[in-house]
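Read-outs throughout are calculated quantities, based only on the coordinates presented, and are distinct from any laboratory measurement. Here the structure is a predicted model, which means the values were calculated and not measured. Glycine gets a Cβ as well: all are built from the backbone with ideal geometry, and neighbour counts include every protein chain shown.
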Ligand code: ADP
Ligand code: ZN
């Protein structure tokens, strides 16, 4: 019997979603759910968790419940499903009374495939009794790590979900999460009261379409502009540490013709909501945010996540960058970091209110992140290793793989640096120490008579930038640290003495700031639209924008970029050909097929393709605000 229903699942995958194959563990998960078993699904962001509960909910008799913590997102998910022709609704406090009644009637009548609810709504007495009187196909618990105090986003309401088995015996449950280490996994199953028969499906953490790049920070604003100039028209997130910085960066980008908005916790709720909805609905918006922005951003076509300041830990970094490229297309995780960041982050940990044990953990996490920033081997392998995943070979899609840094025996350079720190009394910051090494005649040098030191001028062969990089690396490798008790003056550790005595060799990476740029641009080209296709590409995007506006959904809900690109490449001339394009299912074919066939026939340039993009987008912005 299950063979037959799996067959049906494959048909629906093609007909409804327009996809040819299941990804990763999707097929096994769906099979288990169809057989009525409880499951835990751990899949990275963008891995395709939704399909795991949507398909069984559609196939099994009865309505599938989806418990989700984010009311703001339910609407988007439900409208995306409706576009596919799936009968989905959500129930929450934002709906008017009449609308709620209508949906409740539909639940009673059993006409819904899927019903989205927040946990607090589900657990209300009247909701439970309503649902007890109808057939349920499945209960999916999304963001299941919210039930665990071990996770990073605990929500009290989730704890109440342990009653589901008693309330709805025999209805298979599925807990889904993107972030769960082994401890959290066990905790989820225990807290949700899943029995020992529950099956676990854990996918790898790898996000192969994301390219990781970490650069030494020289001039963060200029580096960011250069990075973004190569990505005009794409949407993405820029993370910065302070509210003020998010605002100044957004301003700078707007002045350069980007569509950027600042987002942080200090802004009023309606401003934040508007910013979020602009990001979701408009093409090519850049949000410059503190970490306050992100949780629940389900936009599949975020093309880059850029950090101009260090995140707190590798976990935070992985989660933040995970918001890029959920559609599986090429995306960038890009970061610049410098000495100042390292010093400031260490200070923040030291000065925090937390107890000593907690601080030690935080310091450890920060060190792990710094170590990762400075790796000289495949960055992805190092990242995955941190999460306990083993990648059998180098990835070929990170900065280290694409342009391997040169390492050198840096023992002599390290000795010079360490001894300059020592001789100046272990009380100065990097800037002065480097001046001494390079033999600079500065006021401070004269004031302290440092021109008399044996180390004065012994490092004149290297630039200040190179020395700063070495300071950073020696800091990460644990030879020096910035001492807060001495206003951040650099001091030596015990290990440093071994280096000075020649008992230890030090490997240092040469920073290649400008070297690798040409290379990465070339790599980029495979993902670009050729110049002669640009007009038609814009026509297709305009067609999508118009249809999206008409339907009141974000453009990517109509079709993903990858689908438009395939249209551009294959130029379908009939509905049948259109149907063979990835991402075009039966419902979307009926709804949009003709419009896109027409758009493909249109002469490029006949739409607004020739217009200045900035102006075309402006009009769009106003119409959105008018809604
Ligand atoms: P998650 O919830 O795990 O972050 P989603 O369920 O939102 O991820 O899926 C991410 C993207 O991948 C969506 O745009 C979805 O349509 C797409 N997707 C999911 N499964 C498949 C598949 N089998 N083939 C192609 N695309 C898929
Ligand atoms: Zn790599």
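As a rough footprinting exposure proxy, the listed residues 299, 542 were ranked by other beta carbons within 10 Å of their own, and the order from fewest upward is 542, 299. Take the Cβ atoms of residue 167 and residue 96, set R0 to 41 Å, and the FRET efficiency comes out at 0.90. Taking packing as the residue-averaged number of other Cβ atoms within 10 angstrom, the listed peptides 207-214, 577-584 run from highest to lowest as 207-214, 577-584. Within the chain, DSSP assigns beta bridges of which about 15% are antiparallel (rounded to the nearest 5).
The share of alpha-carbon pairs in the chain lying farther apart than 37 Å comes to 43%. Peptide packing for 232-245, 192-205 was compared via the average number of neighbouring C-beta atoms within 10 Å per residue; ordered from the highest value, the list is 232-245, 192-205. When the square roots of the Cα gyration tensor eigenvalues are ordered a ≥ b ≥ c, the ratio a/c for the stretch 201-340 is under 1.5, which makes its shape rounded.
Look at the Cα gyration tensor of the stretch 12-157: its axes a ≥ b ≥ c give a/c of at least 1.5 with a/b at or below b/c, and that counts as oblate. FRET efficiency for the pair residue 329 and residue 407, taken as 1/(1 + (r/R0)^6) with r the Cβ-Cβ distance and R0 = 25 Å, rounds to 0.15. At full extension, residue 551 and residue 443 could sit 32.2 nm farther apart than now, given 0.36 nm per residue minus the alpha carbon distance.
Does the stretch 67-143 come out rounded, prolate or oblate, given a ≥ b ≥ c as the square roots of the eigenvalues of its C-alpha gyration tensor, rounded meaning a/c under 1.5 and, failing that, prolate meaning a/b above b/c? Judged from the Cα gyration tensor, the stretch 67-143 comes out rounded (a/c under 1.5). Quote the FRET efficiency, to the nearest 0.05, computed for residue 463 versus residue 202 with a Förster distance R0 of 41 Å and r equal to the Cβ-Cβ distance. Efficiency, from the Cβ-Cβ distance: 0.30.
In terms of the mean number of neighbouring beta-carbon atoms within 10 Å, the peptides 23-30, 305-312 order highest first as 305-312, 23-30. From helices alone, the chain scores -13500 deg cm²/dmol at 222 nm; the rule is -39500 (n - 2.57) for each run of n ≥ 4 DSSP H residues, then divide by the residue total. Site pair residue 494 and residue 21 shows an inter-label distance of 5.4 nm when each label is modelled 7 Å from Cα along Cα→Cβ.
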